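Take a look at the structure below.
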Amino acid sequence: MFDATAPYAGILGLLLIHLSVRVVRLRKSLGVSSGGGGHAALELAVRVQGNCAEYSGIGLLLLALTEAQGAPGLAVHGLGLMLVMGRILHAIGFGRTPPIMGFRIAGMALTFTMLALASLGLIAHALT
C-alpha cells in the first residue's frame, strides 16, 4: 500500500530533518531556545524549515489519496517528483542569503502545480 508515495515521503522526511538540524544548531550557537531571537539567520532558517513542513504535509496527503484512488503509477510518480523537487529547490533558493530567486520561484511553481493537479484530480475522481 502506498508503494509509490512512500519514497517521496521518505525523501521529504529527510529534508525536514536536515532543515530542522540547521535550526537546532543555529539556536544552540546563538543561545536562543525558541523563535528567531532577533537573529536574521535563525529567523530565516526557521521559516525555511516551517515552509517545508507546511507544504510537504498537504502535498503528501494529496499524493497518497491520489495513489489510493487508483491513479496510474506514472501520474503518482510525476506528482511526487514535482513535490520533492519543488521543496528542495525552494529550500535552497529561500535558505540562501541573498536568496536564489530562480530556485525559490521554480520551487513554489512546482509545488503549487503539484498541489493543484492532485487536488483537481481528486475532485474530478470524486465527481465521476
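Please find, within segment 8-33, the residue that is farthest from Ala64 (Cα to Cα) out of those that are over 22 Å from the mean Cα position of the chain (by Cα) and of a type in the set (S, T, N, Q). So, considering only residues that are over 22 Å from the mean Cα position of the chain (by Cα) and of a type in the set (S, T, N, Q), the one farthest from Ala64 (Cα to Cα) is Ser29. When you look at Leu61, is it surrounded by fewer than 17 Cβ atoms within 10 Å (Cβ to Cβ) and part of a helix (DSSP H, G or I), yes or no? Taking the combined requirement at face value, the residue satisfies it. Scoring Ala71 on the criteria (1) surrounded by 14 or more Cβ atoms within 10 Å (Cβ to Cβ); (2) free of Cβ contacts under 8 Å to residues at least 24 places away in the same chain; (3) in a loop (DSSP other than H, G, I, E, B) leaves a single failure, condition (2). Is it the case, given these coordinates, that Leu120 is part of a helix (DSSP H, G or I), crowded, with 20+ Cβ neighbours inside 10 Å and of a type outside the set (Val, Ile, Thr)? Judged against the criteria, Leu120 is not a match.
Is one or more of the residues making up segment 87-95 touching a helix residue (DSSP H, G or I) at 6+ places or on another chain (Cβ under 8 Å), among the aromatic types (Phe, Trp, Tyr), more than 23 Å from His125 (Cβ to Cβ) and surrounded by 19 or more Cβ atoms within 10 Å (Cβ to Cβ)?
Filtering segment 87-95 down to residues touching a helix residue (DSSP H, G or I) at 6+ places or on another chain (Cβ under 8 Å) leaves 87-95.
Next, from what is left, pick out any that are among the aromatic types (Phe, Trp, Tyr): 94.
With more than 23 Å from His125 (Cβ to Cβ) added as a condition, the list becomes 94.
Cutting the leftovers down to surrounded by 19 or more Cβ atoms within 10 Å (Cβ to Cβ) gives us 94.
Within segment 87-95, one or more residues are touching a helix residue (DSSP H, G or I) at 6+ places or on another chain (Cβ under 8 Å), among the aromatic types (Phe, Trp, Tyr), more than 23 Å from His125 (Cβ to Cβ) and surrounded by 19 or more Cβ atoms within 10 Å (Cβ to Cβ).
Kindly indicate whether any position in segment 100-114 is free of Cβ contacts under 8 Å to residues at least 12 places away in the same chain and of a type in the set (Gly, Ala, Ser). Among the residues of segment 100-114, at least one is free of Cβ contacts under 8 Å to residues at least 12 places away in the same chain and of a type in the set (Gly, Ala, Ser), which makes the answer yes. For segment 32-64, the set of residues classified as among the β-branched types (Val, Ile, Thr) and either in contact (Cβ under 8 Å) with a residue 12 or more places away in the chain or in contact with a Lys or Arg (Cβ under 9 Å, 6 or more places away or on another chain) (or both) consists of Val46, Val48, Ile58, listed by residue number. Inside segment 23-43, residues that are among the aliphatic types (A, V, I, L, M), in contact with a helix residue (DSSP H, G or I) (Cβ under 8 Å, 6 or more places away or on another chain) and either part of a helix (DSSP H, G or I) or under 19 Å from Ala91 (Cα atoms) (or both) make up a count of 5.
Only the coordinates and a few stated rules stand behind these numbers; no lab work does. These numbers come from a predicted model, not from an experiment. All Cβ positions, glycine included, derive from the backbone under ideal geometry; neighbour counts span all protein chains shown.
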